[in-house]
Structure formats: structure tokens, C-alpha cells
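Inspection log for the structure reproduced underneath, given as C-alpha cells.
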Amino acid sequence: MAYRHRSSIDALPGYRQGKAAPVTPGLTPYKISSNENPYPPLAAVREAVSDRALVHLNRYPDMRGTVLVERLARLHQVAPENIQLGCGSTEVITQLVNLVAGEGDEVMYPWRSFEAYPIIVTGAGATCVPVPLNDRGGHDIEAMIASLTDRTRLVIVNNPNNPTGTSVSQEEALHLLEAVPDDVLVLFDEAYFQFNDDPAQAKGLELMRNHPNVVVARTFSKAYGLAGLRIGYAVAPAEVVQGLSKVALPFGVSDMAQEAAMVSLDVSDQLRDRVEGIMKERAKVVAALEGQGWWIPRSRANYFWLPLGGATDQAYESFLANGLAVRAFPNEGIRITIGEAEANDRVIRVCADLKEQGLI
Ligand SMILES: Cc1ncc(COP(=O)(O)O)c(C=O)c1O
């Protein structure tokens, strides 16, 4: 049926969810395609959801998330007025783009990066300004600076970058911030912050204290393992938070998500152990692959990038045949999440086979 709509949406590739684990006879299937946490929810989180949140499903949640907002404010040493919740950090980023950019305005981001960016920017009616990554899979800060115009309304820094895993340094961030006008916001999307062990990494929250145009987005989906509950937040100047709350999806963050996030902060020691476990597995996989002769951009996240170019499709089929759902970007490469130890060992074996076949 022909219907009147915005033609800009026609050219937009929709969000592709990471594939489910393939069913392969005789093999335990693994889904390592969405940068999720392989650990099941902690008992304390399950209890909080079932004991406290499920009992009042007939009521709308607290739209402001008052208790959690206060808790996050204490954690980050800011005022509650500096915290805005969202239905995943995807919604927080959507709020921000809707707040600052519309028809004729530009939103800049590195590319390839989080695939929701172009969807969010196009959805707002604004213009996407993707700036290609450098040849090490990192942000090209000089090219980003050169792409600033008087129509730029938001600059997104994805640290570490999804899908390449590369970290942006504090020095690079400062250089960028110096070039961006004071009234143009810069978002540090730190979805994988807890996995970033780069000693030189840019610290969004620290930068925010000296640069009033900095906004930081964090999520409970990755290190905290709450992807299914949809909860993230922004730390931002109070004026920005006021604007975000006006464009937020009303009641977007459920009570279950708020309760689970609160408890997760209480048991952050247990979660930190899990994060460290994932980082150890990452080091194991990357060392094995480098030993096989692969070049991999330095990953500071819970995934890594195999730059396969034209061999991507063929390599993807090999992973699938081995019961592994990974994330392929045709003609570019494959992003692989660090998952269960057995999944990671199988990734190492598939990569060795790919090398032996002379695929790359
Ligand atoms: C870079 C980046 N930012 C933000 C998100 C959003 O996560 P969520 O909406 O689950 O908080 C993701 C999820 O994959 C991501 O990779």
C-alpha cells in the first residue's frame, strides 16, 4: 500500500538484532553476536525483580526513577538534577538527539560505530555526518574536527567504539573538545566503560566537570548484564537533563528495571569479578589469535573485531557451521563477543581453521 511518509526513512537500514545461536547437531550453540554478558542474572537481582517489582505491575513506574537517580548521583558525585534515565542508553541517546537536532541540523559520529546512531539521527529528521575510522579502527579526531560546521548540533564519541573495541584517549578527547564550540554538545557514549582498561582512556565524567557541553551515557545492559530489562542513563548538565526529560518516552523505564539496577549497584563487587573474568577471557582469545597471525584492533570492550574485508561472508558461514552466532558486517569484518569459555575456545579454533584455509 502506498502511504504518505518521510522518504528519508526509505534509505535507512533498520536495526539488525544479533542472530540467535544456530542449532548445529552435536554442538552447544552460542550467541556471541550482541555484546551481551554471558552470566545469568545474580540471585539478588532476580529476588529484587520478583519480590519488589512484580507485585505492582498494575501501576505505572516512577517516571523520574527518583530513588535510582539519587543513588546514581551519589555514585558519580553529581546532583540528582544531572541524571536522566532511559529505556536503555539507546533511548537516552535518542532523547539527546531529539533535544538538539532537527531538520537541517547535523549530528556527527565515528563510522563504523553503533548502528543505532544513523537510525536515531534520521528518525529525528537531522542529517547524519559519519566520519570514517582511522586505519587502526579508532576515532579519526582530526577528521572529526574538520567535519564540524555551523550546523553541527551534537558530536558523538563512542568509547570504546562498537564494533572495533578501540579506546579514545583523554588527550584526543581534550583536543576534540577544544575545537567544538561551547554551545554544541559532545556525547561520550560509554556503554562498555567497565571493560576499558586503557590507562590513557578519556574519562567522560571527569571531562564533564570542566566542559559544560559534555554528556555521558552509560548502560546497565553490558557489564551489569541487564540487557533484557532496558535501562541506561545520562549524566549531563541540569539544563540538558530538563530538556531530555521533556522528550523522554513517558514511563519508558519499568519498575523492574529500576529495582534490578539498584540491586546491581549494591552487588557491584560480584559484578566486577564477572567483568574481570570476561577481560581475562578477552586477553586469552586475543593472544591466541595474534599467535595465529591475525591483526586485531586493540579491544577495550567485551568484544573484538576481525577485519576480514571481502572474506567476511565466507568466514561468517564457518562460525555458523560451528554453532557460533557472530555479528558480520558484509565486506568489512566480524564482531565477536567474548562469551562463555567454551564459546571463546571454539572461536579460537574456527579462526585457526580460517587461517589454515588461507582465507585471510
Ligand atoms: C556503543 C553502544 N551504545 C549504546 C548501546 C545501547 O545499549 P542499551 O540500549 O542496551 O543500553 C549499545 C548496545 O549495543 C552500544 O553498543
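The table that follows gives values for the structure above.
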{"item": "Ascending count of other beta-carbon atoms within 10 Å, so fewest first, for D255, D313, D269", "result": "D269, D313, D255"}
{"item": "Dipole of the range 43-266 [Lys/Arg +1, Asp/Glu -1 at C-beta], most positive-end residue of L148, V241, C87", "result": "C87"}
{"item": "Value of D in µm² per second that Stokes-Einstein yields for the chain, Kirkwood Rh from Cα pairs, at 4 °C (1.567 mPa s)", "result": "61 µm²/s"}
{"item": "Rg/Rg_globular for the range 168-326, with Rg_globular taken as 2.2 N^0.38 Å and Rg from C-alpha atoms", "result": "1.25"}
{"item": "Förster-model FRET efficiency, 35 Å R0, H76 and Q292, C-beta, rounded to 0.05", "result": "0.30"}
{"item": "Mean separation of Cα contacts under 8 Å, 6 or more apart, over the residue count of the range 204-360: relative contact order %", "result": "15 percent"}
{"item": "Segments 27-35, 89-97 sorted - mean Cβ within 10 Å per residue, highest first", "result": "89-97, 27-35"}
{"item": "E178 versus R6: modelled label distance in nm, points set 7 Å from Cα along the beta carbon direction", "result": "3.7 nm"}
{"item": "Net charge of neighbours whose Cβ lies under 13 Å from the Cβ of T152, counting Lys and Arg as +1 and Asp and Glu as -1", "result": "-3"}
{"item": "E317-D273 pseudo-label distance in nm [points 7 Å out on the Cα-to-Cβ vector]", "result": "4.4 nm"}
{"item": "Cα centroid separation, the range 4-39 to the range 99-175 (Å)", "result": "23 Å"}
{"item": "The chain, dipole about Cα centre (Lys/Arg Cβ +1, Asp/Glu Cβ -1), debye to the nearest 20", "result": "760 debye"}
{"item": "Average Cα contact separation per residue, the chain, under 8 Å, 6 or more apart, as relative contact order %", "result": "24 percent"}
{"item": "Estimated 222 nm signal from helices in the chain, with DSSP H stretches of n ≥ 4 weighted -39500 (n - 2.57), rounded to 500", "result": "-11000 deg cm²/dmol"}
{"item": "Packing rank of 297-308, 346-357, where each peptide gets the mean count of other beta carbons within 10 Å, highest leading", "result": "297-308, 346-357"}
{"item": "Pair E342, T28: separation of 7 Å Cα→Cβ label points (nm)", "result": "0.3 nm"}
{"item": "Filter on K222/K284; K31/K355; K203/K355 - keep pairs with C-alpha separation over 28 Å", "result": "K203/K355"}
{"item": "Local electrostatic count, K284, Cβ distance below 15 Å [Lys/Arg +1, Asp/Glu -1]", "result": "-3"}
{"item": "Counting DSSP beta bridges with both ends in the range 43-266, the antiparallel % (nearest 5)", "result": "35 percent"}
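Where a number appears in this text, it was derived from the coordinates with a stated rule and is not lab data. No experiment lies behind these values; they were computed from the predicted model shown. Neighbour counts are summed over all protein chains in view; Cβ atoms, including those assigned to glycine, are modelled from backbone coordinates with ideal geometry.
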